[in-house]
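What follows draws every value from the coordinates through simple rules; no lab data is involved. Quick caveat: nothing in here was measured; it's all calculated off a predicted structure. Note that we place each Cβ from the backbone using ideal geometry, even for glycine, and neighbour counts take in every protein chain shown.
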Amino acid sequence: MKIHYLLFLFILVSFHAFSQKEGKNHVVDLLDFKDEEVLHASFYIDNVVDNRIYKENIGFAQKGPFNKVVPAVFPDSFSVTLQNYFNRLLPNKNDSLSAITIRINQLLVSEKTGFASETGTAVINMDFLKKKSGNTYYLLDSYVKSITKNAVMDATSKHDDRLRELLNDGLNQFNENIAALSKETNVISIENKTIISLLIEGVPPKEGFYPSFSELYRNQSILDSGLKEKKRKDDKLYFESDNKKEPSFYAYSNGSDIYLNATIYSEDKHYIKTKRVDDFLLFNDTFVNENSVAALSFTFGLMGALIGNQNNNVLLDLSTGKYYLLSGSKMKALLNGLNKNLFKLYKKNDRNTEEIAKLLEYVFENTPAKEKAKAIIRS
């Protein structure tokens with residue numbers, strides 16, 4: 001019996017030591033592919049713009065015998081790694097080819113362990129831009145897609161393959177349609193050092209579509225989207241395009257209200273109406289069931305379904321682009337400091353965004369330390 005115990009202890013210590021050697025991160029190497037996979041295209045990539053909200057990692061992996069969750073990262077900086085990959089994939093650069101900038105709004109990997117297998121997922125959201133002048137570009141096309149594949153033993157080792165599959169598919173689709181996409185109508189800027197005009201008091205949102213949070217942040221919309229409204233249902237709008245391509249814009253505004261694209265945080269394909277409260281947009285929708293921004297950095301986007309979704313009150317921070325779940329405990333901390341009866345009122349209307357918005361406005365107007373209230377929301 002003692003020998004069995006010592007053997008078990010030895011195995012446990014060995015597993016722990018092995019896990020320690022696995023390191024704190026999992027490195028995803030995009031450059032580990034054969035040169036014969038080079039694409040023949042009518043363009044090359046001259047610049048990669050990192051437009052992600054969460055930049056700390058590119059998702060997560062599970063390492064070691066106990067499937068310890070660790071951040072997934074590139075071996076080099078995000079933009080450098082992708083630029084090196086595109087340089088190998090599209091090595092030809094000459095005056096006869098179009099110089100294209102790729103802007104990455106989202107790029108994530110994740111995995112999930114089942115009873116007898118593991119599932120690996122990759123998600124990407126990228127824009128194809130053509131330079132106009134300075135920091136001004138033409139938005140030619142967008143590519144948004146996710147893939148999920150099962151692995152009998154280990155999904156971790158195939159994160160690079162899944163990302164390459166998405167990147168290659170996006171490049172091939174763009175190459176096939178580049179002639180039709182060459183119209184230079186939608187103009188955007190990638191300059192971040194501009195006035196946050198949407199946060200200026202009294203400035204309404206501009207009518208049109210916002211390709212990413214960056215455009216919403218600067219209140220710079222585009223009207224020529226190729227989309228038309230399909231239907232309305234409650235606080236939801238549905239759009240479609242002539243070619244039935246799913247709309248990939250971050251948000252839409254009718255000139256007064258702002259609607260957020262649900263595909264940014266779930267697998268739903270609608271735009272949800274929001275209520276403006278100070279520097280936040282409040283909405284209630286099927287959202288990642290996690291009360292942690294750290295977790296959102298791993299699961300944000302189309303992968304939300306992997307950890308289970310439920311309807312939640314959510315605040316989008318217009319100063320950062322980060323989402324915060326407005327949990328009951330946060331509302332209790334915000335309201336009880338003013339009047340305990342207010343929390344009872346919240347409990348009766350915890351899915352009514354109009355009433356919750358009024359309560360939040362009351363908090364901001366009557367809390368001496370307004371920034372403390374915001375800190376509770378952002379915690």
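Once fully extended, how much extra length lies between Val69 and Lys55, figured as 0.36 nm per residue of separation less the alpha-carbon to alpha-carbon distance? Provide the component values of the computation, followed by the final result.
Working: separation 14, 0.36 × 14 = 5.04 nm, distance 1.77 nm.
So the extension gain works out to 3.3 nm.
A Förster radius of 51 Å combined with the Cβ-Cβ distance from Asp224 to Ser327 puts the calculated FRET efficiency at roughly 0.80. Here the Karplus curve 6.51 cos²θ - 1.76 cosθ + 1.60, taken at θ = phi - 60°, turns the phi angles of segment 345-353 into couplings of 5, 4, 4, 7, 10, 6, 10, 9, 5 Hz, with x standing for Gly and Pro.
Please give the peptides 358-367, 223-232 ranked by average Cβ packing (other Cβ atoms within 10 Å per residue), highest first, as a rough proxy for protection. If you can, show how the numbers build up before the last one.
Working: 358-367: 16.4, 223-232: 12.6.
Order by mean packing, descending: 358-367, 223-232.
Of Lys230/Lys358; Lys112/Lys149; Lys55/Lys149; Lys236/Lys344, which ones are farther than 22 Å apart at the Cα? Beyond 22 Å: Lys230/Lys358; Lys55/Lys149; Lys236/Lys344. Rounded to the nearest Hz, the phi-derived 3J(HN,Hα) couplings of segment 317-325 under the Karplus curve 6.51 cos²θ - 1.76 cosθ + 1.60 (θ = phi - 60°) are 7, 6, 8, 10, x, 8, 9, 10, 6, where x marks glycine and proline.
Taking 0.36 nm per intervening residue step and subtracting the Cα-Cα distance, what contour gain separates Lys348 from His40 on full extension?
Details: separation 308, 0.36 × 308 = 110.88 nm, distance 6.04 nm.
So the extension gain works out to 104.8 nm.
Counting only Cα atoms, the size of segment 23-177 along its three principal axes is 52, 32, 23 Å, in decreasing order. What the Cβ-Cβ distance of Lys183 and Lys340 gives, at R0 = 45 Å and to the nearest 0.05, is a FRET efficiency of 0.15. A cut-off of 5 Å between modelled amide H atoms, ignoring neighbours fewer than 5 places along the same chain, links Val277 with Leu282. The alpha-carbon of Lys131 sits under 19 angstrom from the alpha-carbons of these aspartates and glutamates, leaving out residues fewer than 8 places away in its chain: Asp46, Asp50, Asp95, Asp141, Glu184, Glu191, Glu215, Asp224. Peptides 260-266, 26-32, ordered by how many other C-beta atoms sit within 10 Å of their residues on average, highest first, read 260-266, 26-32. Rounded to the nearest whole Hz, the Karplus-based 3J(HN,Hα) values (6.51 cos²θ - 1.76 cosθ + 1.60, θ = phi - 60°) of segment 331-336 follow the sequence 5, 5, 5, 6, 8, 5, with x at glycine and proline. About its Cα centre, the dipole of segment 78-179 is roughly 320 debye, where the only charges are +1 on Lys and Arg Cβ and -1 on Asp and Glu Cβ.
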